[in-house]
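Data first, discussion second: the structure below is written as structure tokens.
What follows is calculated from the coordinates using simple rules that are stated; it is not laboratory data. For clarity, every value in this text was computed on a predicted model and none was experimentally measured. As a convention, Cβ positions derive from the backbone with ideal geometry for all residues, glycine included, and neighbour counts pool all protein chains shown.
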Amino acid sequence: MKKVIIVGATSGIGREVALRMLKRGWLLGIAGRREDLLEELRESYPENVVAYPIDVTREDAAERLMPLIRLRGGMDLFFLASGTGRRNPSLDEDMEVRTAETNVSGFIRVVTAACRYFESAGGGHVAVISSIAGTKGLGPAPAYSATKRFQTIYIEALAQLYHTKNVPLRFTDIRPGFVDTALLNSKVHTYPMLMRPNRVAEAIMRALDKKKRVAVIDRRYRILVFFWRLIPRWIWERITLR
């Protein structure tokens, strides 16, 4: 049975993916900030789940990942679903900084810790949820789009690094479009091609099974991203996004 560590398993996409892994009988070590939600999932699957609270924005996040791996008895797959981001056209400084603390600093802490573990173990699989928002700078959400671009480049660099080291470490960069989770607050704002978390989780499982290097979810967004990349910068910067 596959042993998986999920950081960000308490809600949204992370929880949906965790539930699908549990249906397969996989053994999970789950982490997040909300201890009550972690415990709720652990109590529902006591034979398959161990839980440990981790806040990726805290400096001890990498250190806390190691006890969770030991509790689980090892790790075959590290799955990072923790992330944040809000529309911020007013450029509220605190909001921008909090986004960077989670999506950049927190991302680095736990991803590098997972990579070090897999290097010592002789290989493994690291999967992270980034976003198609990293394709272009989005005016209404500057920090979110910039940090998601950072994540895709960071994973690309790690893939090259471990290939150079001759370590069989696989990476999967999962890039969803708009997903109807609490993060978007879709009751207040309207988003095109909004996807349900359960459908996204199913697509993620298929990508993990195939060990895809990059998985844009879904087909509509793959087409959108293709054309986004063709738009010249001088045109893009003159497009009004709401």
message = For K165, give me every one of the lysines with a C-alpha distance below 28 angstrom, ignoring sequence neighbours fewer than eight places off in its own chain.
response = K2, K3, K148, K210, K211, K212
ask   = Okay, helix-only estimate at 222 nm for the chain: each DSSP H run of n ≥ 4 adds -39500 (n - 2.57), divide by all residues, round to 500 deg cm²/dmol; what do you get?
value = -14000 deg cm²/dmol
note = Expected max-MSF residue from A141, A18, A81 in the GNM of the chain (alpha carbon, under 10 Å) is A141
key: Residue-count net charge about E96 - beta-carbon cut-off 15 Å; Lys, Arg +1, Asp, Glu -1   = +1
query = Net charge near I129, counting Lys/Arg +1 and Asp/Glu -1 over other residues with Cβ under 9 Å of its Cβ?
reply = 0
message = For the chain, take the longest principal axis of its alpha carbons; what is the angle in degrees between that and the long axis of helix 219-230, to the nearest 10 within 0 to 90?
response = 50 degrees
key: Range of Cα positions in the chain per principal axis (Å), largest first   = 53, 42, 34
request  = Give me the percent of DSSP beta bridges within the chain that run antiparallel, rounded to the nearest 5.
outcome  = 0 percent
note = Nearest 10, in degrees from 0 to 90: the angle of helix 12-23 to the longest Cα principal axis of the chain is 40 degrees
inquiry  = Distances longer than 15 Å among the Cα atoms of region 1-67: what percent of all pairs is that?
reply    = 45 percent
ask   = Just in region 109-182: which trypsin sites (Lys or Arg not before Pro) are loop by DSSP and have at most 13 other Cβ atoms within 10 Å?
value = K165
ask   = At what distance in angstrom do the alpha carbon centres of region 129-184 and region 190-242 lie from each other?
value = 12 Å
ask   = What residue among I223, I155, I129 has the largest mean-square fluctuation in a Gaussian network model of the chain, using Cα springs under 10 Å?
value = I223
query = Taking only C-alpha pairs under 8 Å that are 6+ residues apart, what is the relative contact order of the chain in percent?
reply = 18 percent
query = Once both axes come from the Cα atoms, what is the angle between helix 35-44 and the longest principal axis of the chain, in degrees from 0 to 90, rounded to 10?
reply = 60 degrees
